[in-house]
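The values are calculated or read from the model by the stated rules, or taken from the named source; none is laboratory data. Keep in mind the model is a prediction, meaning the values are calculated, not measured. Every residue, glycine among them, receives a Cβ derived from its backbone with ideal geometry; neighbour counts consider all protein chains shown.
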Amino acid sequence: MLDHRCSHHVEINADQWVDDVRLSDIEPGFTCEACGKRGEEVRLNFKPARMGAG
């Protein structure tokens with residue numbers, strides 16, 4: 001059996017968690033509302049870096 005992650009995407013505000021919470025600690029609690037996959041991957045959403053002289 002292949003273990004593929006779903007391809008759905010959602011952005012949430014992470015202000016509810018303290019700064020020292022590890023993503024691997026909270027991933028098991030996430031469930032994709034579109035397909036029901038549990039333990040989805042959590043990634044940080046950084047703003048794009050500014051390029052060039054500023």
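Checking each residue in segment 42-54 for being loosely packed, with under 11 Cβ neighbours inside 10 Å and of a type outside the set (Lys, Arg) picks out Leu44, Asn45, Phe46, Pro48, Ala49, Met51, Gly52, Ala53, Gly54. Only one of (1) part of a loop (DSSP other than H, G, I, E, B); (2) at pLDDT 80 or above; (3) of a type outside the set (Lys, Arg) is not met by Leu2, so which one is it? Result: Leu2 passes all but (2). Filter segment 21-32 down to residues that are surrounded by 10 or more Cβ atoms within 10 Å (Cβ to Cβ) and among the charged types (D, E, K, R) and give me whichever is farthest from Val10 (Cα to Cα). Among residues in segment 21-32 that are surrounded by 10 or more Cβ atoms within 10 Å (Cβ to Cβ) and among the charged types (D, E, K, R), the one farthest from Val10 (Cα to Cα) is Asp25.
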